[in-house]
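Asker: One structure coming up, written as C-alpha cells, with questions to follow.
Readers should treat all values here as calculations from the given coordinates under stated rules, not as data from a laboratory. Treat the numbers as computed from the prediction; the structure is a model and nothing was measured. Because the Cβ atoms are built from the backbone with ideal geometry, glycine has one as well, and the counts that use them run over all protein chains shown.
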Amino acid sequence: MIKCSDCGASQPEGTLFCSECGGFLLESTKKTTTVLPFSQFAERPPPPPLAGTELEPSSEVRRLIFVIPASRRRFTLELDKEIRVGRADPKSDVVPELDLTQDNGLEKGVSRFHATIMASSRGIVLIDLGSTNGTVLNSYRLPAKQPYPLQSGDEVRFGDVLVHLFFNNT
Amino acid sequence: MTGEFNYYKILGVDPQATTDTIRQAFAELRAGFPQEMRDAAVNPAYRRLLNAYEVLNNPERRATYDSLLVETALPALSIDSLSSRDQIGLTESVQRIYLLVDVRAPEQEVKAVLPLNLCLVIDRSTSMQGTRLSCVKSAVELIADRLTAEDIISVVTFSDRAEVVLPAAHLDSKAHLAGQVRRIEASGGTEIYQGLSAAVKEMRKLPLKEYTNHLILLTDGHTYGDVDECLQLAQQVSRQGIGFSAFGIGSEWNDEFLDRLVASSGGQSGFIESPTQIVDFLQQRITGLGAIYAQNLRLLPDFPKSIRVQYGFKIVPFAQPLDLDNSTIQLGDLEGRSPLSFLLEVDIEQQPVETRINIPLLFTADIPSQGMQERTFRHHHRIYVLADAAKVEPPPSLVKAVRMLNMYRMNEKVWEEVEAGRLDVAATRMRRLTTRLLEAGETQLAHEAQSEMGRLAQAGTMSLEGRKRLKYGTRALVNQTITLDHDD
C-alpha cells in the first residue's frame, strides 16, 4: 500500500491518482511549489516593517478589490479578519480566500500558504508566510512573517502571479 | 495460412461445413483420382486430400485445427495493449496496473458494412411539449439525409402507451417521414417499456443478422414501475444483436437507469442539455452506426485467480463505463474508421517470486463482412515480476486518461455520499474535485463543481442539472484524452 501525500489515504501500489482527493501519486512528479529562478535575484532591501507591537486587530470590515492581469480575473473580497493568499490544499481541505490555483498558481510558484492580508489599527497589512518564492510588494521583496502596510493601487507579486490591489483609503 | 495447405480449401468446403458435407466433398474429390494415383506415399496431391479429410472428419482433431486456424489466419481484428507498468517488483502487497486496450479493424479492411436497421423511440409525454419535441422532430427529419437506400428506419413514440409512427421499412420518401413525425403530439406519462417493446417488435420484422440493428431512445423523464422490465428486455435483445443508445433531454431523467439500459449492449448514454443539441447528438451517433465493422464485441473475463479487474471504462469512440458484473464485458460495436479503446484497472495479487504474468484478453465479435459469427480473438498482455524491476514512467497518454477518469469517479463518489446522507463528506469530496478540475484547466466544470459544493453546504443537495453536467462533463473529459499511438 502507498499513502497519498496530499490527503493520507491508502491506495494499492501502482495507483496513479488518489481515489479520495485526486492527487497524483507518482513520486517523481510530486507537486511541490516550483522554485523559480527569480527567487535568487537580489533586490533592493525593503523599508522596515511595522513593529508587531503597533498592530491592534481592527474590527472594521473593508472591501478589497483584486485584479489579476494575467488571467483577467477581478473580484472583491471582504476583509473581516484576514484574507489568506495561496493555493487550495487538498490535504487539509483549506481553500484560501484568495485562491490562485486558477491563475496557474502551481506553475507560477505560489505556495499553498503564501501570504496573508490583515486589517489592523495601522491600516491594511500584508505578511509573507515564509513562502517558497516570496512576496514582492512594489518591487520590494518582503522578509517572511513581517507585516507591511498596503496602499490602494499597490502591486503585489505572489511567486510570479501579479496582483493589483485596490481599496478605499479611509 | 495459404490456400494450398488450408484443409477447408483443399476440400473446397466452408469452415462451418457439416461432417456430411465434408464426407461428400471428399468422396467427389477422391473419385477424381484414378485408382493407381491413390497412393499417399508417392502422390503429394492425394496425400494432402487424405490428410485434410482425416483431420476434418474427426471432430476432436477438427476442433484443434480450427483453433490453430484462428490464431494463424490474418487477424480480422487488430488488438493492442499498453500498461502503466510492464515490470513489477517482488512484493508483499497488491499491485495495481492500468491497461489501455485498443481494438481496431485491420488496414484495408474497412468496407462492406451492413445496412442499418434503426429505430427511434421518442418520448412524447406532456413534459416534452414545446421546444423539446419540435427539436426532436427536426432532428428526425435531418437524420433521413444520413440514411442510404438500403437502410431501414422505424419511429415509435410512447407516453403511457406506444404508437408506431413509421413502421420499419426502407425510407422511400422523406416527405412521408416528415409528415408522420410532425403529427406527433405531446401528452400523457412516461412508460419507457411500452416504447421499447414496440420498437423491438418493429425491428424484428427484418432479419436481424443482415443489419446493424440499433435502437435510440430519447426521453426527458423517469419511467414508472417498469425499470426492471426495460433492463431485462435490453439484455435479452442485445444477445440477438440489437444495440441500445439512450439520450436524456433536460435534467429530470434517471441517468443511472439509462446507463444500465445501454450497458448490456455496450451502447452510449448521453445528456442533452439544450434541445438544440439533439440534432448533433443524433447525427453523430448515426454516423458512427453507419460505419460498423464488428458487432457485439465482448471481452471474456477469463483471468487467472491472481488478477482482479476492478474497473473498466470505454474511452473511444465514446466515453462509457463498462459493466463488469456480467459473465462477459460488453464493449459494443467497432466502427471501421475509429478504434475502440478501453481502460482496465487491474489488481495483481502479491508476487513473492519472479515470474511472468499473462493477462489474457479474449474477445468475441461478429464481423459480418467476413461472415464471422462469435469469432474468438486472443491477445495477451505480459507483466514481468522481477526482483529488480525497472522503474519506468507510465506512458503520458495513459496517465492523462487515468487522471480524467479519476475525476469522473470522484464525482460519482460525491453522489454516492449524497444518497447515503453524508452531506459533509460529499461537500469535502466536491471541494477536492473542484481543485482538481481547476488544476486540469477545466474552469467551467470547476465552477459547476464549486456552485454544487455551495448547494450541498446550504441546501443539503445538488441540483439535477449540476449533477448531470458534472457527470457527463467529466465523462466527456476522458474521451478527449488520446489513445494508443499506432505505427502507421
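Asker: Could you tell me the center-to-center distance, by alpha carbons, between the stretch B:170-200 and the stretch B:360-434 in angstrom?
Answerer: Rounded to whole Å, the Cα centres lie 38 Å apart.
Asker: Quick one: order A:S120, A:S10, A:S111 by neighbouring beta-carbon count within 10 Å, fewest to most.
Answerer: In increasing order of surrounding Cβ atoms, one gets A:S10, A:S120, A:S111.
Asker: Using all Cα-Cα distances in the stretch B:3-72, what percent lands in each 10 angstrom bin from 0 up to the longest?
Answerer: Distribution as computed: 20, 55, 23, 2 percent.
Asker: A:I124's amide H: which non-local residues (gap 5+, or another chain) put their own amide H closer than 5 Å, with H modeled 1.01 Å from N in plane and none for Pro or chain starts?
Answerer: A:L150
Asker: Sticking with this structure for a sec: Cut-off is 10 Å between beta-carbons; in what order do B:L147, B:L438 appear when sorted fewest neighbours first?
Answerer: Ranking B:L147, B:L438 by Cβ neighbours within 10 Å, fewest first, gives B:L147, B:L438.
Asker: On the first, second and third principal axes, largest extent first, how far apart are the outermost C-alpha atoms of the stretch B:306-398 in Å?
Answerer: The principal-axis extents, from largest down, are 47, 27, 25 Å.
Asker: Describe numerically, in nm with one decimal, the distance between label points set 7 Å from Cα along Cα→Cβ at A:S58 and at B:A459.
Answerer: Each label point is offset 7 Å from its Cα along the Cβ direction, giving 3.8 nm.
Asker: Related question: Longest exposed-loop-site-free stretch of chain B, with trypsin sites (Lys or Arg not before Pro), DSSP loop and at most 14 other Cβ within 10 Å?
Answerer: That would be B:206-304.
Asker: Then there is this: What are the semi-axes of the equivalent ellipsoid of the stretch B:396-480, taken as the square roots of 5 times the eigenvalues of the Cα gyration tensor, listed largest first and rounded to whole Å?
Answerer: 22, 12, 11
Asker: Now for a different question. Would you mind pulling out the separation of the Cα centroids of the stretch B:8-77 and the stretch B:235-278, in Å?
Answerer: Going from one Cα centre to the other spans 48 Å.
Asker: Could you let me know the centre-to-centre spacing of the stretch B:217-233 and the stretch A:101-147, using Cα atoms, in angstrom?
Answerer: 56
Asker: Also: Check cross-link reach from B:K400 to the lysines: straight Cα distance under 27 Å, and skip same-chain residues fewer than eight apart.
Answerer: Here the lysines satisfying the reach criterion relative to B:K400 are A:K3, A:K30, A:K31, A:K91, A:K108, B:K314, B:K391, B:K413, B:K468, B:K471.
Asker: Using only DSSP helix segments of four residues or longer, with each worth -39500 (n - 2.57), what per-residue ellipticity at 222 nm results for the protein assembly as shown after dividing by its residue count and rounding to 500?
Answerer: My calculation for the protein assembly as shown gives -9000 deg cm²/dmol from helical runs alone.
Asker: Also: How high is the relative contact order of chain B, in percent, with contacts defined as C-alpha pairs under 8 Å that are six or more residues apart?
Answerer: That works out to 15 percent.
Asker: Right, another one. Quick one: which residues, 5 or more positions from B:V316 or on another chain, have an amide H under 5 Å from its amide H? H modelled 1.01 Å from N in the peptide plane, none for Pro or chain starts.
Answerer: It is B:S341, by chain and number.
Asker: While we're here: Which Rg and Dmax, in Å, describe the Cα atoms of the stretch B:93-202?
Answerer: Expressed in Å, the Cα Rg and Dmax of the stretch B:93-202 come to 19.0, 66.
Asker: Quick check: from the Cα gyration tensor, does the stretch A:52-166 come out rounded (a/c under 1.5), prolate or oblate?
Answerer: Because its axes are fairly even, with a/c under 1.5, the stretch A:52-166 counts as rounded.
Asker: Under the rule a/c < 1.5 gives rounded, and otherwise a/b versus b/c splits prolate from oblate, where does the stretch B:116-290 land using the Cα gyration tensor?
Answerer: rounded
Asker: Long-range amide H contacts for B:L116: which residues qualify at under 5 Å (H placed 1.01 Å from N, peptide plane, sequence gap of 5 or more or a different chain)?
Answerer: Sorted by chain and number, the residues that satisfy this are B:D151, B:I152, B:T212.
Asker: What base-10 log of the normalised intensity I(q)/I(0) is obtained for chain B from the Debye formula, alpha carbons as equal point scatterers, at q = 0.09, 0.10, 0.11 Å⁻¹?
Answerer: Computed log10 I(q)/I(0) values: -0.73, -0.87, -1.01.
Asker: Using only the alpha carbons, work out the radius of gyration and Dmax of the protein assembly as shown in angstrom.
Answerer: 31.9, 122
Asker: Please order B:F33, B:F257 by the number of other Cβ within 10 Å, starting at the fewest.
Answerer: Ascending number of Cβ neighbours within 10 Å: B:F33, B:F257.
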